[in-house]
Amino acid sequence: MLYINWELLAPYIAPGLSNPIAPLIFISYPITSSSPDDPRYAKGYLDLVFLAFHIVFYSFLRQFVTIILCRPIARHFGIKKQGKLDRFGEQGYALLYFTVMGAWGFRIMGQLPTWWYRTEHFWIGYPHWQMKPELKRYFLMHAAYWCQQLIVLLLRLEKPRKDYNELIAHHFVTLWLIGWGYLTNLTLIGHAIYMSMDIPDAFLAFSKLLNYMGWHRLKVVSLAVFLVAWTYFRHYLNLVILWSIWSEFDLIDESNRVWAPETGAWLVWWMKYQMLFPISLLQMLNLFWYYLVWRVVIRSLRDVEVDDVRSDDEDDEDDKDTDSKDSKED
């Protein structure tokens, strides 16, 4: 509303003065010399303003989705216990977010030379100072999401799960990769990592929702699809990216020397490891969760109705408390 009011009134009160609300909502630093058919954007300090606004935006969006949208759906499927209502809302929000961002990332990759993980283009033409507008907005909105999720975890706004420490480590590593990739113009490889995370996470959230809804047989099918997606995206493609960092980092061809001296040869000796280390940490965390996923699969083969192995024991305590209250009311 502030943005709209400024746009309507400023031409009469302060003509020519830029809208101070715009950097909160829209990306900044368009490159005026770029082609109108292929606009490009640079980086700057106003990106932090955009980031801060969208952390607040995601906080409100998360509450709206989990409470206003998901809670009535959960009650429709007979979920009454507070712990499960909270978990259902969290997974509903995760499904919505990762589905939208996964589809958007897929669309953006179709506009990039890195289309389906053509890893040599991570390095050819580096440094990639200029970004397509969709790529910049996508990158910053993802950064805001992970910042907001880290705040939720650190403040314990969600009840900690059994893998709480691993989740904290995962968020720190993700933000390390995001910040590093953005500052050093590695947004193409950063986008590829985003893609490898978002798509399987959408399948994971969907499987958990089916479990809470009681659709256990369909959940097992969904879990099998998720397992294939997770294996391909979170392990195979992640290893492809690691191989590219190790093998293609110093790629030299006839027309282009990646990391040529005029583009910053001083980065060569340490930058490879600065990327290799956090992505390797991410892969180790993925392997930890892969182990948990296989536990769920094995239990599913024995018994169709299985629980979420990442849920903490406190949910059970909440459920017992709620049961006792319900019995008293009855």
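Coordinate range of the alpha-carbon atoms in the stretch 1-108 per principal axis, descending: 57, 36, 23 Å.
Taking label positions 7 Å along the Cα-Cβ direction at both Arg107 and Asn19, the computed distance is 2.1 nm, reported to one decimal. Kirkwood radius and radius of gyration were both taken over the C-alpha atoms of the stretch 135-219, and their ratio Rg/Rh is 1.04.
Converting phi to 3J(HN,Hα) with the Karplus coefficients 6.51, -1.76 and 1.60 and the offset θ = phi - 60°, the stretch 239-249 yields 5, 4, 5, 4, 4, 5, 4, 6, 9, 9, 4 Hz in sequence order, with x at every glycine or proline.
Mind jotting down the distance between the C-alpha centroids of the stretch 36-65 and the stretch 279-294, whole Å? What the calculation gives is 29 Å, centre to centre.
Using the Cβ atoms and a cut-off under 13 Å, what net charge is assigned to the surroundings of His128, where Lys and Arg are +1 and Asp and Glu are -1? Summing Lys/Arg as +1 and Asp/Glu as -1 gives +4. Exposure proxy ranking for Tyr212, Tyr3, based on other Cβ atoms within 10 angstrom of each Cβ and starting from the fewest, stands as Tyr3, Tyr212.
Extension gain, Tyr232 to Leu175: 0.36 nm times the residue separation minus the Cα-Cα distance gives 18.3 nm. Debye sum, Cα scatterers, the stretch 180-220, no solvent: what log₁₀ I/I(0) at q = 0.21, 0.30, 0.33, 0.35 1/Å? Log10 I(q)/I(0), no solvent term: -0.65, -0.90, -0.96, -1.01.
Where a number appears in this text, it was derived from the coordinates with a stated rule and is not lab data. Quick caveat, the model's predicted, so the values are computed rather than measured. Heads up, the Cβs are rebuilt from the backbone with ideal geometry, glycines too, and the neighbour counts pull from every protein chain shown.
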